[in-house]
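Quick one: structure below, then a few questions.
Read-outs throughout are calculated quantities, based only on the coordinates presented, and are distinct from any laboratory measurement. As the structure is a computational prediction, the values presented were derived from the model and not from experiment. Positions of Cβ are generated from backbone atoms using ideal geometry, with glycine treated the same way; all protein chains shown enter the neighbour counts.
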Amino acid sequence: MKIKLNKFFVKTKSKSHSIDNFIYEETLNITGITSKDIKRRVNKRLNAKPQERRLYIKYRLTKFAIVTTAILTLGVGSAFATSNIDLLKELLRGDTNILQKEVRNPNTSIQNDEYKVTLEQVLAAPHDAIIVFSVEGLTKEATNALETNSMFLFESTIMLKTTPGSETKNSGYGQANFGENNTFNKKYFALEVDAIDNPKQEPLRLYLDMVNSPELFITVPMDSNIQTLDFQMNQEAEANGKKYTIEHMGINSISMVIDSRGFNIIEDALMPEIFFKMSDGTIKTKNQLVNKYKSSGSILTAYDEDGIYRFYFRFKEIMNLNDIQSVIIDNMEYTLNKKVEPKPVVIDEKLHRFESRIIEFERTEKDGPLMSVDDICKGLGAEYSWDSKNATLVFTYRGTTLELTAGSSTAIVNGQEIPLKERDYEGVNMQNGELSIPPYLLEDYFDVDYTLKYSTSMWIITP
C-alpha cells in the first residue's frame with residue numbers, strides 16, 4: 001500500500017515552503033501527519049491536567065503571518081486574593097521561591113465608559129514576561145460581552161504593545177484566564193510574553209482601546225533582577241548542507257533563547273541540537289527540560305527574512321542555574337557561571353536525533369504510518385521485549401516502562417493501567433514480523449520528539 005502524503009505550500013517571495021516546515025518553524029515541532037494525530041496533540045495542549053480545562057491563545061509573528069489560536073483557561077483549585085494572584089504557582093512549576101521577590105504588584109488602573117483595566121502583577125525577565133491584569137465591566141452590556149466572549153478583548157480592544165520609539169522587539173504573547181477567581185463582572189488574565197528582545201529593559205504598554213483611545217494605557221515595567229547569563233558567540237552551524245550562524249545565547253531560571261542568522265532562509269531546516277550538562281555530570285536533552293508547548297521560533301523583526309531568527313525555550317520547571325553546569329549547542333559546550341572558553345565535546349550517539357523507517361499498516365491512509373520498534377530502540381538505546389503468545393510489548397526507556405497489548409485500549413505505565421489516547425488506535429501492531437507503534441507514544445511517555453521528513457519518507461526522532 002502506498003502512503004498518501006499530502007503537501008501544501010505557502011508562497012513567500014520567490015521561495016515556497018512546505019506546510020510541514022511552516023508548522024515546524026512555528027512550534028519547533030512538526031505535529032504529525034494525520035487529522036487524528038493533530039486532534040490528539042491539540043487535546044493534549046488544551047488539557048495538560050485532567051482537572052483543568054485549558055484554552056490557549058497564541059499570537060505569533062513570523063515571516064508568514066500573525067498566527068492566532070484559542071484562549072487558555074486555567075481551572076485552578078486555590079482561592080486568590082482579589083489583587084494578589086500568585087502567578088508563580090499558577091503559571092510556573094518548580095521552586096517558586098527562586099523568583100518570589102521578583103514579582104511586582106503595581107495595582108494601577110485605567111478605564112473608559114465600558115471597562116476598567118487594572119495591572120495586578122508583573123514578572124519580567126530579559127527574554128520573557130508574565131503580566132497579570134483584571135478587566136471589569138462597568139455596564140451591563142460590557143459585563144455580558146466580557147462573560148460571553150473574552151476573545152474580543154484581544155482582537156479589537158485590549159492590546160500589549162512596545163513603547164513607541166523603543167528598541168524592544170517582541171514576536172508574540174499568550175493569554176491565560178484565571179477562571180475560578182472571576183466574578184460576574186470581573187475577569188483576571190495573564191499575558192505570557194515570550195521571545196522578547198529587550199536589552200534596555202524598556203517598559204511595555206497595555207492599552208484599553210488603542211484604536212479609539214490611544215492615550216489610555218498602563219505602563220508595564222520590564223526592568224528585571226532575574227539572573228540571566230548571556231553569551232555572545234559566532235558559532236558556525238549547518239542545516240541541510242547549508243551554513244548559518246549562532247550569534248547569541250541567553251539563559252535564566254525561566255527560559256533560554258538562542259539567536260541565529262541565516263537559519264530562516266534554509267528550507268526544511270532542523271533546529272540545532274541542544275543538551276544540558278547538569279552539575280552532577282549527567283547530560284539532559286532539550287526535550288527533557290523544555291516545555292515544547294510554550295517554546296517557539298520566530299524572526300525578531302517582522303518580515304525581515306535576513307534578520308535574527310530566535311529560538312525561545314520555556315523550561316518545564318523553574319530552574320536553579322547552579323544545577324546546570326553547561327549548555328551544549330550541537331557539539332560546542334558553553335560553561336555557565338565560569339569564565340571558560342567554549343570547547344567542542346562529544347555527546348553519546350544515543351542522545352542525538354536519528355532517522356527511522358515509517359511502517360505502513362492497514363489504516364495508514366486514515367491514521368498515518370507507524371514507527372518501527374526495533375529502529376527506535378536501537379536509536380535510543382531503549383530496551384523492549386515481545387510476548388508473542390499474549391501479543392504484548394514491554395518498552396523501557398528513561399526509567400519508564402510501557403506495556404502495550406495488541407488490540408487493547410489501555411496501556412500499563414510503571415505498573416499503572418491507563419487508557420490510551422484513542423480507543424480505536426491500537427498501541428502496538430505486529431505485521432509481517434515487524435513490531436510497530438504510533439509515534440505519539442514516544443512523546444507522551446518518554447519525552448521523545450518526532451518529525452516526518454517528507455522528502456525521504458522517514459521519521460526523524462529526537463531524544
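Rg/Rh for segment 229-347: what does it come to with C-alpha atoms and Rh from Kirkwood?
With Rh from the inverse mean 1/r over Cα pairs, Rg/Rh is 0.95.
Given Cα pairs under 8 Å that are at least 6 residues apart, what percent is the relative contact order of segment 254-386?
21 percent
On to the next question. Counting only the backbone N, which residues of segment 438-459 are under 14 Å from the spot 7 Å out from the Cα of Val413 toward its beta-carbon?
The answer is 440-448.
I need two numbers for segment 366-408: Rg to one decimal and Dmax as a whole number, Cα atoms only, in Å.
Final numbers for Rg and Dmax: 11.3, 33 Å.
Then there is this: Modelled label-to-label distance, Thr401 and Glu167, 7 Å Cα→beta-carbon offset: nm?
Spacing of the two 7 Å Cα→Cβ label points: 5.7 nm.
Of the cross-linked pairs Lys242/Lys284; Lys116/Lys140; Lys89/Lys421; Lys343/Lys378; Lys292/Lys378; Lys389/Lys421, which ones have a Cα-Cα span greater than 23 Å in the structure shown?
Flagged as over cut-off: Lys242/Lys284; Lys89/Lys421; Lys343/Lys378; Lys292/Lys378; Lys389/Lys421.
If you count, for each residue, the other Cβ atoms within 10 Å and average over each peptide, how do 193-199, 287-293 line up from highest to lowest?
Listed from highest to lowest mean packing, they are 193-199, 287-293.
Expressed in nm to one decimal, what extension gain is obtained for the pair Ser213 and Leu229 from 0.36 nm per residue of sequence separation less their Cα-Cα distance?
Gain on extension, Ser213 to Leu229, equals 1.8 nm.
With each label point set 7 Å from Cα along the Cα-Cβ vector, what nm distance links Ile460 and Asn320?
Taking the simple label geometry, Ile460 and Asn320 are separated by 3.6 nm.
For segment 322-434, what D do you get in µm² per second when you plug the Kirkwood radius from alpha-carbon pairs into Stokes-Einstein at 37 °C and 0.692 mPa s?
In µm²/s, the coefficient is 193.
Measure of size requested: the Rg and Dmax of segment 110-256, with Cα atoms as the atom set and Å as the unit; please supply both.
18.3, 61
Output the relative contact order of segment 351-462, whole-number percent, from Cα pairs under 8 angstrom with separation of 6+ residues.
26 percent
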